[in-house]
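Reading through the structure tokens given below for one structure.
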Amino acid sequence: MRVASNARASRRPLRLRKPVAVAAVLVLLATVWPTTPISAQQTRMDVGRYHRAAQFLAWNVDPLITGDQVAPQWMAGGNRFWYRNKTGSGAEFVVVDPVAGSRGALFDNARLASAMSVAADTAFDPVKLPFTTFELSGDERSILFDVGERGFTCDTRAYTCQVGDTLPDRTPFVKSPNGQWEAFIHEHDLWIRPVAGGDSVRLTSDGEEGWAYGIQEPRPGQIIQKAPQRPVLQWSPDSRRVAVQRMDERNVARMPLYSSTHQRPEFYTYPYPLPGDTIIPRFDVHVVDVEARSNVRLDLEPQPYLTFTAAGLADSTWITVKWKEGGERLYFTHALRGAKRIGLYEADLETGAARFIVADSQATHVELNLDIVGTRPNWDVVNGGQDVVWFSERDGWGHLYRFDGAGNLKNRITSGAWTVGDVLTIDEATDRIYFTARGREPGRLPVMAELYSVGLDGAGITRLAREAADHTVEASPDGRYFVDSYSRPDMPPVTVLRDRSGRVISELERADVSRLESMGWSLPEIFTYKARDGVTTLYGLIYKPSDFDPSKRYPVVEYIYPGPFIGSVGRWNFSGGRLGTAFRSDQDALAELGFIVVQMDHLGTPFRSKAVQDNYWGNMGDNGIPDHVTALKQLGARYRWMDLDRVGIYGHSGGGFASTDAILRYPDFYKVAVSTAGNHDNRSYHAAYAEKYQGLLVRDTVQGTDSYANQVNASLVENLKGKLLLMTGDMDDNVHPAMTIQVANALIEANKTFDFLILPNRSHDLNEPYVIRRRWDYFVEHLMGLEPPKDFEITRPSG
């Protein structure tokens with residue numbers, strides 16, 4: 001890996017996997033804007049720097065990287081797959097057959113574009129086909145996709161296309177494994193309909209508003225966007241039964257939002273429980289027999305919806321339940337409020353009785369997977385119910401345990417001062433588990449995942465991939481192959497196909513960033529530091545401007561996302577929060593303005609021990625900021641080009657909360673903060689999240705306080721010394737704008753000068769040009785002391 005140094009390390013551009021026409025490269029390369037060095041006598045920011053910075057925003061950078069994204073779409077048979085691959089001039093669609101050892105084009109782009117052009121009487125560019133995904137027909141002969149307001153069905157063998165109306169949105173319909181039925185929700189009840197056509201069949205009749213099967217009341221954003229919901233249900237493998245969630249939101253207190261950009265403002269309310277509320281959303285698991293038309297409720301107390309781990313959907317799979325033995329057995333998890341306990345049960349499909357198997361309890365909260373963004377809980381039942389694989393942090397580290405079907409511990413599967421990541425697949429024929437883990441190998445960054453296998457009895461643990469990188473791995477449905485994309489923040493990804501031994505069958509793609517590097521862009525540098533305890537080694541990233549001069553002093557801007565379910569860096573790979581996504585904002589662009597930009601993990605983030613992640617449980621006002629201050633002081637002592645008299649901080653959502661918290665708790669260290677959509681007081685945030693990480697709200701009526709008082713930004717406003725910009729969308733149905741307004745109100749009452757921007761009709765996502773430009777202007781003016789270009793316009797590419 002690269003480590004931070006006083007000068008940029010020289011790098012040889014990666015070799016393109018395939019030749020790219022020189023003309024295409026020249027066309028796609030962005031304009032190189034000349035800039036002048038920032039001097040002490042300068043009073044205005046050079047507009048050329050803004051132009052260069054804008055070139056490094058996500059929507060401009062992403063098209064210049066090739067071969068970096070491989071998302072396998074599995075096909076019939078359990079191991080073949082296709083994926084879309086970005087090339088220097090557009091994209092190609094690739095099909096891979098691991099058994100045959102082949103990799104080739106899924107279809108001929110030129111012939112397909114020609115067929116589309118004939119059918120639609122419109123010219124289409126074969127290297128820039130106007131779709132990124134499609135539905136593949138059952139016989140794999142045709143692809144179906146939308147282009148604008150037209151739907152295409154194209155035969156990729158005969159190369160003919162039919163054009164009609166746009167294809168119906170498939171989101172609300174869940175097809176049965178045998179392909180004969182689709183389950184959906186209508187008027188609060190569960191229905192099925194034949195795929196081949198015919199009358200729909202109503203399977204339940206007692207659904208009602210606020211207590212529906214499969215779906216919840218839509219939030220305002222879903223209503224405005226007319227976004228359909230994917231029902232929370234799971235077909236049995238034999239297609240005889242449907243397990244379905246029934247969420248009770250009746251009498252849950254509601255949040256209001258006003259959309260004020262119309263002649264007559266529009267008013268919305270939606271159920272939104274807060275910490276301490278007596279009534280919160282709770283759900284039951286029902287099992288509906290398709291043939292018998294019977295409906296059995298599983299006999300446990302309704303369980304609360306929880307953030308991550310035990311409820312909801314992951315990649316269209318309901319993570320609360322698992323069907324086994326072809327549909328004859330159903331296992332499910334049941335959690336207590338605040339995730340204090342999560343247990344595993346088996347359901348009696350006839351009576352609804354729930355048989356307890358195993359559970360974990362924690363004084364803080366229970367997790368079933370430490371990598372909880374978009375992944376599934378690490379539990380499974382195999383060998384006909386005789387073996388239960390269960391993830392637990394009961395010894396302080398996240399590991400796998402083996403129980404029998406009655407819940408008796410057979411053996412530990414993994415152990416040691418390291419953590420299991422994702423259980424990818426279990427081979428029951430050999431009793432072997434394939435999984436990722438972090439921190440097991442000496443000399444490797446303990447936040448990066450590696451690929452392993454181990455026996456169910458805990459014997460024979462084997463590292464299957466030896467590249468020093470973070471491995472993002474997906475197993476084929478039949479468990480025989482792995483698509484492994486390995487990378488680091490300072491190393492673009494290489495994607496390979498492996499077998500169960502870890503042997504590389506073929507290299508699928510090797511990312512190329514040379515076009516970016518020719519513009520002066522560079523990868524971030526990894527640094528290490530000691531946490532506030534003086535013992536724990538933690539990691540972060542540094543971004544520098546392309547004209548970095550180690551003899552100069554640069555103002556420092558820190559990007560923060562406190563977690564605690566993820567850190568500021570996110571996943572420690574090239575794309576884990578890269579370039580404008582949720583966990584990495586516009587660091588590359590901001591650095592190009594002339595800042596040193598820093599982001600780092602801290603005590604209180606995952607992938608390490610339970611003690612590290614729980615560091616500030618119950619005290620979310622900590623936000624890891626003591627570690628950030630400690631890290632910046634260590635870096636300042638290490639690198640004289642970092643000017644710690646000019647330090648700013650920014651973040652969104654939890655980062656909005658943390659950045660405001662930082663400037664209020666450390667007013668002599670942080671001089672400028674820009675905070676967007678912050679949950680500044682988690683008493684006003686969703687109970688499912690807040691109670692998991694702050695604990696159940698306990699009120700002290702004698703003292704007139706409560707257990708959440710230590711995390712309220714509004715209570716710290718007297719400390720403000722620097723410059724603070726608060727921004728929020730007035731239609732944010734995730735982090736309600738009330739939390740930002742409460743901070744603004746407290747600042748006004750304290751007679752503090754600050755800046756405040758409400759963005760009309762905006763929801764939670766504020767990654768838009770105007771917000772980015774205002775953030776840049778604020779740091780340029782108040783950290784650099786320069787006048788920013790007037791009303792500089794950042795534009796997104798069309799399409």
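The values are calculated or read from the model by the stated rules, or taken from the named source; none is laboratory data. Quick caveat, the model's predicted, so the values are computed rather than measured. So basically every Cβ, Gly included, is an ideal-geometry build from the backbone, and we count neighbours across all protein chains shown. Please note that ligands, DNA and RNA were not included when accessible areas were found on the heavy atoms of the full protein model with its side chains. Shrake-Rupley method; radii C 1.70, N 1.55, O 1.52, S 1.80 Å.
Points to keep in mind about this one:
- Annotation: Cα Rg of segment 238-289 relative to the compact-globule expectation 2.2 N^0.38 Å equals 1.75.
- For segment 500-640, the spread of Cα coordinates along the three principal axes comes to 52, 46, 25 Å, biggest extent given first.
- Within the chain, helix-based [θ] at 222 nm, where runs of 4 or more DSSP H residues each add -39,500 (n - 2.57), nearest 500: -3500 deg cm²/dmol
- Computed over segment 113-177, the ratio Rg/Rh where both radii use C-alpha atoms and Rh is Kirkwood: 0.98
- Cα-only Debye scattering, segment 641-758: base-10 log of I(q)/I(0) at q = 0.15, 0.18, 0.21 Å⁻¹: -0.65, -0.90, -1.15
- Rounded to 5, the percent of DSSP beta bridges in the chain classed as antiparallel: 85 percent
- Overall form of segment 610-688 per C-alpha gyration tensor (a/c, 1.5; a/b vs b/c): oblate
- For segment 211-350, the Kirkwood radius over C-alpha pairs fed into Stokes-Einstein at 4 °C and 1.567 mPa s yields D = 78 µm² per second.
- Net charge over other residues, Cβ less than 12 angstrom from the Cβ of Asp348 (K, R count +1; D, E count -1): -1
- Heavy-atom accessible surface of segment 610-663: percent carbon and sulfur, 1.4 Å: 51 percent
- Lysines with Cα under 24 Å of Lys128, excluding same-chain neighbours fewer than 8 positions away: Lys18, Lys86
- Relative contact order, whole percent, for segment 544-684 stands at 26, derived from Cα pairs under 8 Å and 6 or more residues apart.
- For segment 465-550: rounded, prolate or oblate by the Cα gyration tensor [a/c cutoff 1.5]: oblate
- Under conditions of 10 °C and 1.306 mPa s, segment 343-418 yields 119 µm² s⁻¹ as its translational diffusion coefficient, taking Rh as the Kirkwood radius over Cα pairs in the Stokes-Einstein equation.
- Rg over Rh for segment 39-196 works out to 1.12, both radii taken from alpha-carbon positions and Rh defined as the Kirkwood radius.
- Accessible area (Å², per residue) of segment 409-543, counting only protein heavy atoms and a probe of 1.4 Å: 32 Å²
- With contacts taken as Cα pairs under 8 Å and at least 6 residues apart, the chain reaches a relative contact order of 11 percent.
- Each principal axis of the Cα cloud of segment 180-256 was evaluated for its coordinate range; sorted largest first, these ranges are 42, 24, 21 Å.
- Short to long, the 5 Å bins of the Cα pair-distance histogram for segment 383-526 hold 2, 9, 17, 19, 18, 13, 9, 5, 3, 2, 1, 0, 0 percent of all pairs.
- Residue-normalised accessible area of segment 265-368, given per residue in Å² at a 1.4 Å probe: 38 Å²
- Between Lys552 and Ala196, the modelled labels are 7.2 nm apart [label points 7 Å from Cα along Cα→Cβ].
- At 1.306 mPa s and 10 °C, Stokes D of the chain from Kirkwood alpha-carbon radius, µm² per second: 56 µm²/s
- Candidate lysines for bridging to Lys410, where Cα separation is under 28 Å - those fewer than 8 sequence places away on the same chain excluded: Lys322, Lys324, Lys340, Lys610
- Computed over segment 142-224, the quotient of the alpha carbon radius of gyration and 2.2 N^0.38 Å is 1.40.
- Debye intensity ratio in log₁₀ form over the Cα atoms of segment 59-123, taken at each q of 0.15, 0.19, 0.29 Å⁻¹: -0.62, -0.86, -1.14
- Solvent-accessible area per residue for segment 175-225 (1.4 angstrom probe, square angstrom): 54 Å²
- Against the empirical curve 2.2 N^0.38 Å, the C-alpha radius of gyration of segment 253-330 lands at a ratio of 1.60.
- Apportionment of accessible area to carbon and sulfur, segment 513-567, percent (1.4 Å): 52 percent
- The relative contact order of segment 173-265 comes to 24 percent, based on Cα pairs under 8 Å that sit 6 or more residues apart.
- The simple Förster model, with R0 at 45 Å and r as the Cβ-Cβ distance, assigns Val99 and Glu328 a FRET efficiency of 0.90.
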